[in-house]
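Before any comments, here is the structure.
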Amino acid sequence: MCVAVAAVSAVFETARAVQKLNTTSERNASLHFDDREVATGNSIIPDQTVLYEARAWIPRNAHYRVVTGAQPVADETNLTRPYASTFATYFLMPRTPLANAPWIVCIGCDAKSLGKSTVVWTDNQGSSVLKVS
Amino acid sequence: MTLHSLAGVFLTDLTLIAIGAAILWGSGIAPTGRRVLRLAGLAWLVGAATLGTLLTLELMTPLPFSLATVLVDAAVLIAAGCVLAVRRRTASIATFVARGPVVISGTGVAIAVLLLESQFRAGRLAGLFEWDAMSFWIPKAKAIYYFGHLDPAFMSTLANAWYPPLVPALDATAFTFMGSTDAVTLHLVYWSALAAFVAAVAGLLAPYVNAAILWPVLLMLAATPIITDHGVSPLADLLLDYFLALAAILVIQWIRGADVWILAIAGGFLGAASDDEA
């Protein structure tokens with residue numbers, strides 16, 4: 001009896017699992033390369049470009065810090081400000097975060113409060129890459 | 001996912017299977033080539049447990065993590081297995097004769113292959129959508145790969161810094177063979193772990209459990225939502241479960257009269273499980 005139940009369950013569960021995995025594989029295959037690489041970050045960082053610009057401008061062996069502030073950020077989510085630093089730590093490696101690092105990934109920060117800084121890149125919508133001299 | 005990364009996954013699998021096969025051969029659990037083949041899944045997980053544990057111990061020393069370290073470790077473990085094999089201890093694991101109708105075994109294998117093939121397609125182009133993987137598992141693995149060690153200052157910036165580093169060490173090994181921190185293709189290493197587990201359970205239990213019971217239960221397990229949803233996710237949870245489940249199976253076989261070497265393998269799995277996740 002138990003074997004029969006297990007066998008029937010296995011058939012139904014396998015069919016359900018294969019169907020779900022087919023849907024998952026189609027969804028994954030339809031992702032753009034950038035969306036696949038950024039993945040979770042798409043829910044955190046509103047504009048992927050700031051990540052790629054930070055990766056391009058900040059040297060691989062340099063330190064950086066993520067600074068957030070009260071300035072508006074276009075298309076931000078409720079994950080943006082609390083977790084921008086977390087995602088940047090994953091995405092920008094081997095660059096590592098360090099307090100008072102000269103390179104800054106600014107997400108809604110007030111650049112004037114950072115002292116003498118150069119805007120290396122900005123989307124003019126709240127995200128920028130800065131370097132403090 | 002590039003050909004280079006795929007080759008890296010293949011080399012990772014090959015290395016782990018070679019280590020595990022040597023240890024199984026040395027312990028007498030798989031004294032013949034045919035049995036090694038039938039227990040290839042168990043060999044992968046034995047290799048993962050052993051190499052992962054050794055790399056974890058080395059991370060506590062000044063020895064830098066690198067491709068050379070991994071290859072030397074693999075060579076040492078394989079050599080140790082071969083030396084043990086000279087003693088030719090024959091564990092009393094049953095001669096492999098699958099119980100139950102062949103048609104049921106064949107059907108079970110076919111359905112398992114279908115499930116694993118679906119998992120492979122789902123995982124080969126999967127992004128890193130798991131929060132824990134993004135927030136600390138993969139950053140730790142990247143730190144080991146890029147810096148050759150776990151920098152306490154960097155670790156303190158990550159969540160769950162106190163978690164044991166077996167999984168990041170294995171991920172870093174895969175990155176080393178891939179030549180890059182390709183978190184997308186890394187999913188295929190976890191696919192290998194899943195396939196290895198299914199094969200290991202089938203290989204270990206087939207002489208003892210009738211196919212009419214073994215395969216429906218194993219397929220139900222392989223089709224559970226947790227495995228369907230996270231079977232190829234770069235997380236530590238399922239690997240921990242694999243280690244514990246196989247340790248339990250091996251302990252039961254020892255209780256039923258198998259050689260004490262099976263207990264040693266089970267102990268290795270339990271040690272790796274404690275090194276897997278807090």
Query raised in the report: Across segment B:238-278, which residue is modelled with the lowest pLDDT among those that are small (Gly, Ala, Ser), under 19 Å from B:ALA206 (Cβ atoms) and out of contact with any helix residue (DSSP H, G or I) (no Cβ under 6 Å at 6 or more places or on another chain)?
Result: B:ALA258
Query raised in the report: Being modelled with pLDDT under 95, under 30 Å from B:GLY108 (Cα atoms) and in a loop (DSSP other than H, G, I, E, B), is that true of even one residue in segment A:45-61?
Result: no
Query - Residue count for segment B:121-146, restricted to those that are of a type in the set (A, V, I, L, M, F, W, C) and more than 8 Å from every other protein chain (Cβ to nearest Cβ) - result: 5
**Report entry** Check on A:THR40, among the β-branched types (Val, Ile, Thr), within 30 Å of A:GLN125 (Cα to Cα), within 9 Å of chain B (Cβ to nearest Cβ) and touching a helix residue (DSSP H, G or I) at 6+ places or on another chain (Cβ under 7 Å)
**Finding:** yes
Report summary line: A careful count of residues in segment B:179-217 that are away from chain A (no Cβ under 12 Å), touching a Phe, Trp or Tyr at 6+ places or on another chain (Cβ under 8 Å) and assigned to a loop (DSSP other than H, G, I, E, B) gives 2
**Report entry** Those residues of segment A:72-104 which are assigned to a helix (DSSP H, G or I) and either under 10 Å from the mean Cα position of the chain (by Cα) or away from every other protein chain (no Cβ under 14 Å) (or both), in sequence order
**Finding:** A:THR80, A:ARG81, A:TYR83, A:ALA84, A:SER85, A:THR86, A:PHE87, A:ALA88, A:THR89, A:TYR90, A:PHE91
Report summary line: Only unsatisfied item for A:THR86, checking (1) among the polar types (S, T, N, Q); (2) on the phi > 0 side of the Ramachandran plot; (3) crowded, with 21+ Cβ neighbours inside 10 Å, is (2)
Query raised in the report: In segment A:89-111, how many residues are surrounded by fewer than 18 Cβ atoms within 10 Å (Cβ to Cβ) and under 25 Å from B:ASP182 (Cα atoms)?
Result: 2
Query raised in the report: Of the residues B:PHE129, B:PHE65, which is touching a Ser or Thr at 6+ places or on another chain (Cβ under 9 Å), under 28 Å from B:TRP25 (Cα atoms) and not in a helix (DSSP H, G or I)?
Result: B:PHE65
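The values are calculated or read from the model by the stated rules, or taken from the named source; none is laboratory data. For clarity, every value in this text was computed on a predicted model and none was experimentally measured. Using ideal geometry, Cβ is built from the backbone for each residue, glycine included, and neighbour counts are taken over all protein chains shown.
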